[in-house]
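The values are calculated or read from the model by the stated rules, or taken from the named source; none is laboratory data. Small disclaimer: the values here were computed from a predicted structure and weren't measured. Here Cβ is always computed from backbone atoms with ideal geometry, including for glycine, and neighbour counts include all displayed protein chains.
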Amino acid sequence: MNTMPRAVGSHELITDTDGQLGEQMRSWRRTIHAHPETAYEEFATAKLVAAALQESGIRVHTGIARTGVVGVLQAGNGGRSIALRADMDALHIQELNDFAHRSLHDGRMHACGHDGHTATLLGAAAHLARTRNFEGTVYLVFQPAEENEGGGRRMVEEGLFEHFPVDAVFGLHNLPGLPVGCFSLLSGPVLASFDIFEIRISGKGGHAAMPQHVIDPIVIGSQLVGALQTIVSRSLDPLESGVVSVTSLHAGDTWNVVPDEAVLRGSVRAFDEPIQARIEERLRALTTGICTSFGASATVKYERRYPPTVNWPEQTEAARRVVVKTFGADSLTAGARPLMASEDFSYMLREKPGCFALLGNGVGAGSTGLHNPHYDFNDELLGWGATYWVRLVEDLLAPANLVNNDAAPTA
């Protein structure tokens, strides 16, 4: 049997005092991992979540953003409220692990740890429902479709915070490469925006042996791939951050024919909207200029999927305080830096003050990176994450220690 590590601060992990809670979280996590469901198809996962919440006596609301679940837990007479959010969806990846709880759904896999995030929040909910060592309301938000499809945005648009008004919202995500029990907490930008683009180059096809009679979209696309890499290196200040990645180039289907068309697709990342706008402007200009110089034309589809994830200062400081008090100062990562990954929790932080924290999934062997077919959530994190959620609620909703911040986040 695996054992949960103990916290290094003044409190034990809640699994040390709750007996079987650690095993229950592990069971939930592995059941969800074995039955991965992708965006807006999380029906079985949502059913499991709703049943677990109801078993703890928590009021449950379903159907927001199709498969989303919200649990409502109240204690005492306090009027304050916070939301804790976990994501439920999997990815379209063929799992290559061979352990017993590997995916049973071909071409789908929990390769980002959302199975663990869901189990962690369920564990915290069970403990909070039993102890109720707080005054106020905790909204337990289980979100669908974080990967690519913007389930967080849809929950907000469908009235998440109108139906469940909160003073602050908090999220938690695992991070391979960071030691188990270590938290990364940053005020301001913590994760980048996520934009996608498609460039469709229209040339003139013909015989591969007679290039003088064609306008070759493959040659043009190759020139454009190189040119797009100059956007960050030559159009942004060296102290500004951005990433432009061409991730797909499709053209032609045989050896001796130059095709009429080539299609490039890719993504763009940045930490603030002015940089997003500058990158989009340069991408469009380079596409038009290069295609025109070859006598071709192009259409550009550019879509802004997720904005940057920007933590609010006071809620971030509150989360830091909880980590230090619960686990010790050594559990805060020194020199933490923003990451170019993206999260649709950003939409929730645009609506409400809050903080998105990262918790180490381990280093070395067994700490495979996210979105990898060999990835697996580290079950040792379950106790750490659930304890963080519980202590955060008990700290923020303690009668003598309330957090109130109406200031805008700083970028």
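Filtered by the rule that a residue be surrounded by 11 or more Cβ atoms within 10 Å (Cβ to Cβ) and of a type in the set (S, T, N, Q), segment 202-247 gives S202, S222, Q223, Q229, T230, S235, S241, S245. Within segment 94-117, identify whether any single residue is touching a strand residue (DSSP E or B) at 6+ places or on another chain (Cβ under 6 Å) and at pLDDT below 95, and answer yes or no. Checked against the condition, which is being touching a strand residue (DSSP E or B) at 6+ places or on another chain (Cβ under 6 Å) and at pLDDT below 95, segment 94-117 yields no hits at all.
Checked against (1) of a type outside the set (S, T, Y); (2) without any contact (Cβ under 8 Å) to a residue 40 or more places away in the chain; (3) within 29 Å of E314 (Cα to Cα), G107 meets all criteria but (3). Considered as a group, the residues in segment 144-192 that are among the acidic types (D, E) and in a helix (DSSP H, G or I) include one that is surrounded by the most Cβ atoms within 10 Å (Cβ to Cβ), and that residue is E157.
Scanning segment 204-259 for residues that are under 18 Å from G289 (Cβ atoms) and either in contact with an Asp or Glu (Cβ under 6 Å, 6 or more places away or on another chain) or not assigned by TED's automatic domain parsing to the domain that holds I279 (or both) gives a single hit, P217. Here is the figure for segment 309-321: residues that are part of a helix (DSSP H, G or I) and in contact with a Cys (Cβ under 6 Å, 6 or more places away or on another chain) total 3. Look at F356 and say whether it is over 30 Å from D237 (Cα atoms), aromatic (F, W, Y) and assigned by TED's automatic domain parsing to the domain that holds F161. No. Scanning segment 66-86 for residues being over 28 Å from A318 (Cα atoms) and crowded, with 23+ Cβ neighbours inside 10 Å gives a total of 1.
Whether any residue in segment 322-330 is surrounded by fewer than 21 Cβ atoms within 10 Å (Cβ to Cβ) and either within 17 Å of H114 (Cα to Cα) or small (G, A, S) (or both) is what I want to check. Looking through segment 322-330, at least one residue is surrounded by fewer than 21 Cβ atoms within 10 Å (Cβ to Cβ) and either within 17 Å of H114 (Cα to Cα) or small (G, A, S) (or both). Of all residues assigned to segment 320-340, none qualifies as being closer than 21 Å to F142 by Cβ and either of a type in the set (A, V, I, L, M, F, W, C) or modelled with pLDDT under 95 (or both). For segment 311-347, the set of residues classified as at positive phi and either among the hydrophobic types (A, V, I, L, M, F, W, C) or in contact (Cβ under 8 Å) with a residue 60 or more places away in the chain (or both) consists of G328 only.
Restricting L224, L264 to those that are touching a residue at least 24 places away in the same chain (Cβ under 8 Å) and part of a strand (DSSP E or B) reduces the list to L264. With respect to being surrounded by fewer than 16 Cβ atoms within 10 Å (Cβ to Cβ) and either polar (S, T, N, Q) or closer than 20 Å to V169 by Cα (or both), T299 fits the description. Selection of segment 328-348 for residues being outside any loop (DSSP other than H, G, I, E, B) and touching a Leu at 6+ places or on another chain (Cβ under 9 Å) yields L332, L339, F345, S346, M348.
Screening E23 on (1) modelled with pLDDT under 95; (2) out of contact with any helix residue (DSSP H, G or I) (no Cβ under 7 Å at 6 or more places or on another chain); (3) charged (D, E, K, R) shows it passes everything except condition (1).
Take the residues of segment 279-308 that are charged (D, E, K, R) and not in a helix (DSSP H, G or I): which is nearest to G151 (Cα to Cα)? That would be R305.
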